[in-house]
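The next block holds one structure in the form of structure tokens; read it before the comments.
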Amino acid sequence: MNDYDSARLLDLMAAQGYARVSAPEQADLIVVITCSIREKAQEKTFSDLGRIREIKRENPAVRVAVGGCVASQEGRRVLSRAPWVDVVFGPQTLHRLPELLEKRERTGRPQVDIAFPEIEKFDCLPAPCAHGASAFVSIMEGCSKYCSYCVVPYTRGTEISRPMMDVLVECAQLAAQGVKEITLLGQNVNAYQGRAPDARSTADFALLLEYVHDIPGIERIRYTTSHPKEFSDRLIEAYGRLPKLANHVHLPVQSGSDRILAAMKRGYTHDWYLERIARLREVRPDISVATDFIVGFPGETEEDFAETMRLIDEVGFDASFSFVYSKRPGTPAASYPDETPREVKLERLQQLQAVIDANAAQISRGMLGRVERCLVFGPAKKGGGMLAARTDNNRVVNFPGDPALIGSMASIRITEVFPHTLGGVPAGDAGAAAAGEG
Ligand code: SAH
Ligand code: SF4
């Protein structure tokens with residue numbers, strides 16, 4: 001349930017002589033990377049483990065490891081609920097899996113290691129392998145914000161940044177393998193405070209972006225996730241100077257109600273968020289803004305929800321990851337009185353999503369005729385010799401083109417707008433563009 005951790009684990013295990021198989025029934029080792037951000041994700045772990053138990057009944061030699069945030073939160077309790085598990089490891093002990101498996105064989109007993117050994121993990125993982133022209137690079141781990149509803153600070157530990165040189169070396173290694181687009185990863189990337197190359201001072205996120213921007217071969221930079229409170233003037237100014245920074249930002253707001261934002265302990269208000277977006281749009285007038293919402297936080301009234309809908313109108317979000325509030329054991333909000341019926345919450349969620357979907361459709365229509373810088377990532381799903389590329393604002397464009405373009409950036413004129421994709425032609429191709437516009 002975590003693409004980045006899974007990819008890093010695959011690299012690590014490949015170095016140990018493991019290869020990936022296509023079905024769990026064929027595996028010698030089954031690793032489940034879990035998520036506990038919402039109850040549903042957490043419960044999926046145990047339903048997956050139920051299925052794995054059947055596989056282990058057939059083949060007792062198979063080893064089962066559980067990693068990620070459920071493992072971190074539950075520790076040994078994973079073994080009491082699923083005694084057929086051999087190894088439990090946390091988000092910060094991923095690199096110790098080979099050692100834990102070895103110990104499991106040697107002692108004949110299940111192993112649990114969910115410590116937070118600071119940033120050791122990154123020093124122990126192999127250099128990243130590029131798979132295509134787009135790659136993720138983790139720049140910081142954990143979170144120290146303690147929003148009242150969230151498990152992350154407890155499961156992944158407090159905020160810790162990787163040294164700037166380590167991040168830059170990793171980006172350069174990926175660029176050397178043909179990567180054109182880097183997504184910098186962390187719970188709050190803009191809280192980044194990494195050791196600067198001079199080893200005496202610390203670098204902030206804006207400075208890191210500037211250095212990544214200078215790496216030859218990197219043509220587009222994205223990041224996720226950032227926090228509104230730390231969306232600094234320096235970061236906004238970076239958008240003016242750094243053209244490789246994608247014209248898209250994902251800035252989770254969670255709610256538009258000041259009362260709810262305070263109860264969530266987000267540390268900002270409706271107007272603060274609006275002001276940050278307004279400043280950003282002074283520098284990048286057409287930037288696309290995506291966000292996250294939690295609907296139905298304990299005590300959310302119709303008036304609070306109306307404030308959220310007002311914010312949506314004011315910002316004109318292009319996309320959102322929105323969920324109904326999920327009570328997480330051990331967080332402060334778990335004890336807040338919550339009287340809103342679930343149906344009401346679901347109805348609010350649908351209402352919110354419908355408005356954002358309508359915004360997105362309108363933004364797509366506005367792209368007709370425009371030339372977009374896109375990363376060509378492969379053949380189009382529908383075939384027919386077409387290629388597929390991704391715009392800055394995360395839309396897939398299908399266009400006719402030379403397969404040699406795959407893995408590079410291309411300028412594409414948008415000629416068609418469909419509900420879920422766009423159609424285009426290479427922007428140099430004047431004849432086809434005119435035909436498309438006609
Ligand atoms: N650090 C980021 C988000 C990390 S968690 C930030 O602060 O914005 C990813 C998303 O999961 C959050 O943005 C939030 O919308 C959602 N989320 C976290 N805890 C949740 C909970 N208890 N119930 C529902 N959604 C939750
Ligand atoms: Fe969770 Fe994000 Fe808040 Fe950290 S800032 S506690 S990750 S929601």
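The values are calculated or read from the model by the stated rules, or taken from the named source; none is laboratory data. In this text, all values refer to a predicted model and were calculated from it rather than measured experimentally. Quick reminder, even Gly has a Cβ in these numbers, built from the backbone with ideal geometry, and neighbours come from all protein chains shown. Remember, those area values only see protein heavy atoms, side chains included, never the ligands or the DNA or RNA. Shrake-Rupley method; radii C 1.70, N 1.55, O 1.52, S 1.80 Å.
Just check the range 49-131 against the gyration tensor rule for me: Cα atoms, a ≥ b ≥ c as the square roots of the eigenvalues, rounded for a/c under 1.5, and otherwise prolate or oblate depending on whether a/b exceeds b/c.
Working: a/c = 1.80, a/b = 1.55, b/c = 1.16.
Here the range 49-131 falls in the prolate category.
Where only protein heavy atoms count, and the probe is 1.4 Å, what is the accessible area per residue for the range 1-148 in Å²?
Working: 7180 Å² over 148 residues.
Ligands and nucleic acids excluded, the figure is 49 Å² per residue.
To the nearest 20 debye, what is the magnitude of the charge dipole of the range 291-387 about its Cα centre, counting +1 on the Cβ of each Lys and Arg and -1 on the Cβ of each Asp and Glu?
Numbers: 11 positive and 15 negative charges, 164 e Å.
Dipole size: approximately 780 debye.
Let me see the P(r) profile for the chain: every Cα-Cα distance counted, bins of 10 Å, each bin given as a percent of all pairs.
4, 18, 26, 28, 18, 5, 0, 0
For the range 192-246 and the range 79-143, write down the distance between their C-alpha centroids in whole Å.
When both Cα centres are located, 28 Å separates them.
Using the Cα centre of the range 212-353 as the reference point, and only Cβ charges (+1 on K/R, -1 on D/E), how large is the resulting charge dipole? Debye, rounded to the nearest 20.
Details: 19 positive and 23 negative charges, 124 e Å.
Dipole about the Cα centre, nearest 20: 600 debye.
With +1 assigned to the C-beta of every Lys and Arg and -1 to the C-beta of every Asp and Glu, and no other charges, what is the dipole magnitude of the chain about the Cα centre in debye, to the nearest 20? Spell out each step's value before the answer.
Details: 52 positive and 57 negative charges, 190 e Å.
Using Cβ point charges on Lys, Arg, Asp and Glu, the chain gives about 920 debye.
With no solvent and one equal point scatterer per Cα, compute the Debye intensity ratio I(q)/I(0) for the range 289-438 at 0.12, 0.17 Å⁻¹ and report its log10, rounded to two decimals.
-0.64, -0.90
Compare the Cα positions of 223, 175, 203 along the charge dipole of the range 145-241 (+1 at Cβ of Lys, Arg; -1 at Cβ of Asp, Glu; about the Cα centre) and return the one farthest towards the positive end.
The Cα lying farthest towards the positive end belongs to 223.
Only Cα pairs under 8 Å and at least 6 apart count here; give the relative contact order of the range 238-310 as a rounded whole percent.
Working: 75 pairs, mean separation 34.6, N = 73.
Once divided by the residue count of the range 238-310, the mean separation gives 47 percent.
Using every pair of alpha-carbon atoms in the range 128-251, split the distances into 5 Å bins beginning at 0 and state the percent of pairs per bin, rounded to integers.
All Cα pairs, binned at 5 Å, distribute as 2, 11, 21, 24, 21, 13, 6, 1, 0 percent.
Can you pull out the trypsin sites (Lys or Arg not before Pro) in the range 7-56 whose DSSP state is coil and whose Cβ has at most 11 other Cβ atoms within 10 Å?
On the way: sites: 8, 20, 38, 40, 44, 51, 53, 56; in loops: 20, 38.
Sparse-neighbourhood loop trypsin sites (Lys or Arg not before Pro): 20.
Just to be sure I follow the definition: excluding the sites themselves, where is the longest run in the chain that has none of the GluC sites (Glu not before Pro) in a DSSP loop with at most 14 other Cβ atoms within 10 Å? Walk me through the numbers before you get to the answer.
On the way: sites that count: 118, 339.
Longest run free of exposed loop sites: 119-338.
Compute for the range 265-338: radius of gyration divided by Kirkwood radius, i.e. Rg/Rh, restricted to C-alpha atoms, rounded to two decimals. All intermediate terms of the calculation are to be shown ahead of the outcome.
Working: Rg = 14.4 Å, Rh = 14.0 Å.
Ratio of gyration radius to Kirkwood radius: 1.02.
Which whole-number percentage describes the relative contact order of the chain, with Cα contacts under 8 Å and a sequence gap of 6 or more? Write out the running numbers ahead of the final one.
Values: 821 pairs, mean separation 41.3, N = 438.
Over the chain, the number comes to 9 percent.
In the range 58-201, if every C-alpha pair distance is counted and binned at 10 Å from zero, what percent goes to each bin?
Whole-percent P(r) values from 0 Å outward: 11, 32, 31, 20, 5, 0.
May I ask which residue of 1, 322, 396 lies farthest towards the positive end of the charge dipole of the chain, with charges of +1 (Lys, Arg) and -1 (Asp, Glu) on Cβ and the Cα centre as origin?
1
Of 412, 117, 47, whose Cα points farthest to the positive end of the dipole of the chain (charges on the beta-carbon: +1 Lys, Arg; -1 Asp, Glu; origin at the Cα centre)?
47
So which trypsin sites (Lys or Arg not before Pro) in the range 283-389 are both in a DSSP loop and have at most 16 other Cβ atoms within 10 Å of their Cβ? Write out the running numbers ahead of the final one.
Values: sites: 310, 327, 342, 345, 348, 365, 370, 373, 381, 382; in loops: 327, 370, 381, 382.
Loop-located and lightly packed - 327, 370, 381, 382.
Determine the per residue accessible area of the range 295-438 with all protein chains present and a 1.4 angstrom probe, expressed in square angstrom. Spell out each step's value before the answer.
On the way: 7260 Å² over 144 residues.
In whole numbers, the range 295-438 has 50 Å² accessible per residue.
Can you send over the carbon and sulfur percentage of the accessible area for the chain, probe radius 1.4 Å, protein chains only?
Details: 10510 of 19850 Å².
Answer for the chain: carbon and sulfur cover 53 percent of the accessible area.
Hand me the trypsin sites (Lys or Arg not before Pro) from the range 179-229 located in a DSSP loop with no more than 13 other Cβ atoms within 10 Å, in residue order please. Numbers along the way, then the final one.
Working: sites: 180, 195, 200, 220, 222, 229; in loops: 180, 200.
Hits after loop and neighbour filter: 200.
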